[in-house]
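A quick write-up on the structure given underneath.
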Amino acid sequence: MRSQVDTSRNQEFYNDFNQYDVRIEVPDGYDVWATGTLTNPEEVYTEDFLNNLEGARSGDAIVQLLTGDGTSGDHLTGKIWKFRADGVPDFAFGTSPRCIWEASSVNIGERRITVDAVYLPESGYFPMVIKGARKTIDYASRVYPGIPYPWDHITVFNGNVAGGMEFPMLANDSDYPDSVSTSYVTFHEIFHNYTPFMTGLNEKRYPFMDEGLTDFFSSIFMLDQYGKNFNFAPGSQNRVDDYNLFARNEDAPLMATYAMADEVNVSYYYYVKPSMAYRLFYEMVGAENFRNGFREFVRRWKGKHPTPYDFFYTMNDVLKENFNWFWNAWFFSYGYPDLGLKTTDSESVLVQRIGTGSLPLPVKLHISYKDGSERVVYKPMSVWKEGADFIELKLDHFPDIQKIFLDTETVPDIDPSNNSIEYN
């Protein structure tokens with residue numbers, strides 16, 4: 001008999017929006033970085049240091065405020081730190097006597113957002129975080145999704161021994177072993193200030209809205225800015241590989257997975273599967289439509305603790321189309337990704353959804369001709385919205401075809417054995 005799995009340690013916090021007035025006393029020589037605004041800077045910093053700090057907060061240049069050489073306490077005049085934060089669901093702080101502190105700011109409209117990176121001198125890739133954090137604030141605020149960062153600062157703190165953890169205005173990240181992971185996690189933890197903190201999503205009950213949406217936007221950022229994928233499964237080439245790996249073995253409706261995640265499948269239920277669903281929806285409706293829908297969702301539900309239903313219905317409303325067939329299949333139903341090909345007596349091919357519960361997927365049919373030429377036939381995921389089990393595609397110059405095959409690099413599919421047909 002399988003013992004009961006304690007899933008609580010795989011869930012993050014969920015609070016209402018609050019006002020925090022926090023007093024933190026630390027030993028001599030310790031700096032503190034935290035959620036909210038430091039209300040007594042003149043009681044903890046020297047005048048010269050405050051001038052340097054103000055300079056970093058007023059321009060685009062990256063300023064190294066602390067060198068981490070062990071003499072950082074020279075700029076301190078006190079050890080009691082007072083912070084105030086309004087309208088946030090949690091409070092966090094980091095403290096250290098010997099960190100490197102790099103600071104800058106990013107101009108967003110009529111505001112400047114302070115950006116800090118705080119890390120140990122022995123950190124390998126953390127020196128690149130300050131540039132990544134600046135790029136994150138600029139990209140998320142102006143480019144995609146194009147929603148101004150909601151608070152006045154963000155600090156990325158090198159305190160986590162294994163992973164990353166988000167808090168309002170503060171990310172607690174470990175030192176990752178490569179530049180791709182470092183860039184991904186920097187964006188990911190900062191973007192949590194939108195989901196869940198800006199809207200108040202219940203990340204304990206609906207982690208696929210919290211981590212899933214954040215992972216989707218992180219993936220868009222990585223591809224757009226660096227041309228890179230970030231993958232969870234060792235040896236996988238992209239998120240399709242990650243998804244297929246788990247979809248073959250452990251799958252459940254996303255609306256129920258908060259109670260089913262364990263150390264083995266938590267990355268799949270919270271990140272990989274929902275991120276894949278959002279990406280396929282994004283490809284179907286287009287980047288601009290997805291952005292418009294997400295912006296309106298945030299505007300309508302800022303601070304109101306929305307549910308997934310609110311997200312689904314907002315998208316339907318903004319895009320003026322009922323996508324319940326998609327939401328039902330990918331979030332409420334048991335299903336798996338599997339398309340297959342079958343020839344017919346005419347000059348056409350059938351694209352089939354294999355088995356009961358096969359998920360709606362886009363059709364990307366590659367055709368290779370005997371003269372070496374190629375073409376692609378694309379059908380959007382909406383071809384399945386009426387519940388069809390197959391579609392028939394008429395192919396030009398059928399006698400000249402050498403091979404037809406489905407794209408499984410960008411479209412998930414758990415069984416590649418029926419994805420291609422070769423002709424003599």
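The values are calculated or read from the model by the stated rules, or taken from the named source; none is laboratory data. In this text the structure is predicted, and so the values were computed from the model without any measurement. Glycine also receives a Cβ, built like all others from the backbone with ideal geometry; neighbour counts cover every protein chain displayed.
Residue check: is I113 in contact with a Phe, Trp or Tyr (Cβ under 6 Å, 6 or more places away or on another chain), surrounded by 18 or more Cβ atoms within 10 Å (Cβ to Cβ) and at negative phi?
Values: in contact with a Phe, Trp or Tyr (Cβ under 6 Å, 6 or more places away or on another chain): yes; surrounded by 18 or more Cβ atoms within 10 Å (Cβ to Cβ): yes; at negative phi: yes.
Answer is yes for this residue.
Do we have I113 as hydrophobic (A, V, I, L, M, F, W, C) and in contact with a helix residue (DSSP H, G or I) (Cβ under 8 Å, 6 or more places away or on another chain) here? Explain how you work it out, then say what you get.
On the way: hydrophobic (A, V, I, L, M, F, W, C): yes; in contact with a helix residue (DSSP H, G or I) (Cβ under 8 Å, 6 or more places away or on another chain): yes.
Yes.
Please return the ranges of strands (runs of 3 or more DSSP E) entirely within the range 19-126 where 2 or more residues are among the hydroxyl-bearing types (S, T, Y), more than 25 Å from D138 (Cα to Cα) and out of contact with any Lys or Arg (no Cβ under 8 Å at 6 or more places or on another chain). So that I can check it myself, show each step before the final result.
Details: elements: 31-34, 63-67, 80-88, 93-96, 100-108, 111-119.
Passing ranges, in order: 93-96.
Within the set of pairs 6 or more residues apart or between chains, which connect a residue that is under 12 Å from K135 (Cα atoms) inside the range 90-118 to a residue that is surrounded by 19 or more Cβ atoms within 10 Å (Cβ to Cβ) and among the basic types (K, R) with Cβ atoms less than 7 Å apart?
S104/R134; V106/R134; V115/R134
Does S174 satisfy the criteria of being under 27 Å from P308 (Cα atoms), touching a strand residue (DSSP E or B) at 6+ places or on another chain (Cβ under 9 Å) and at pLDDT 90 or above?
Considered against the rule, which asks whether it is under 27 Å from P308 (Cα atoms), touching a strand residue (DSSP E or B) at 6+ places or on another chain (Cβ under 9 Å) and at pLDDT 90 or above, S174 comes out as no.
In the set F93, F49, F83, which member is more than 28 Å from the chain's Cα centre (by Cα), closer than 30 Å to K304 by Cβ and at pLDDT 95 or above? Can you show your working first?
Details: F93 fails: more than 28 Å from the chain's Cα centre (by Cα); F49 fails: closer than 30 Å to K304 by Cβ.
Just one listed residue meets the conditions, F83.
With the condition kept exactly as written, say whether any residue in the range 119-131 is under 15 Å from the mean Cα position of the chain (by Cα), among the hydroxyl-bearing types (S, T, Y) and modelled with pLDDT under 95.
From the range 119-131, those under 15 Å from the mean Cα position of the chain (by Cα) are none; that's our starting set.
Within the range 119-131, none of the residues are under 15 Å from the mean Cα position of the chain (by Cα), among the hydroxyl-bearing types (S, T, Y) and modelled with pLDDT under 95.
Please specify each residue of the range 369-391 satisfying the condition of being over 36 Å from the mean Cα position of the chain (by Cα) and either closer than 20 Å to Q352 by Cα or not aromatic (F, W, Y) (or both).
Residues of the range 369-391 that are over 36 Å from the mean Cα position of the chain (by Cα), as a first pass: 369-373.
The answer is K370, D371, G372, S373.
Which numbered condition trips up T344, out of (1) at pLDDT below 95; (2) closer than 29 Å to P207 by Cα?
Unmet condition: (2).
Suppose we filter the range 253-275 for residues that are among the hydrophobic types (A, V, I, L, M, F, W, C), touching a residue at least 40 places away in the same chain (Cβ under 8 Å) and closer than 24 Å to G163 by Cβ; how many remain? Even if it seems obvious, please write down each step before you answer.
Quick first cut of the range 253-275, residues among the hydrophobic types (A, V, I, L, M, F, W, C) only: 254-256, 259-261, 264, 266, 272.
Among the residues that remain, those that are also touching a residue at least 40 places away in the same chain (Cβ under 8 Å) are: 254-255, 259-261, 266, 272.
If we keep only those that are closer than 24 Å to G163 by Cβ too, we end up with 254, 259-261, 266, 272.
So the count comes out to 6.
Suppose the filter is surrounded by 15 or more Cβ atoms within 10 Å (Cβ to Cβ) and either at positive phi or of a type in the set (D, E) (or both); does G68 pass it?
Values: surrounded by 15 or more Cβ atoms within 10 Å (Cβ to Cβ): yes; either at positive phi or of a type in the set (D, E) (or both): yes.
Taking the combined requirement at face value, the residue satisfies it.
Just the residues that are in a loop (DSSP other than H, G, I, E, B) and free of Cβ contacts under 8 Å to residues at least 24 places away in the same chain, please, taken from the range 322-345.
Taking the range 322-345 first, the residues in a loop (DSSP other than H, G, I, E, B) are 322-323, 333-335, 337-338, 344-345.
Selection gives N322, D345.
Tell me, please, whether a residue that is buried (at least 22 other Cβ atoms within 10 Å of the Cβ) and assigned to a loop (DSSP other than H, G, I, E, B) can be found in the range 203-225.
yes
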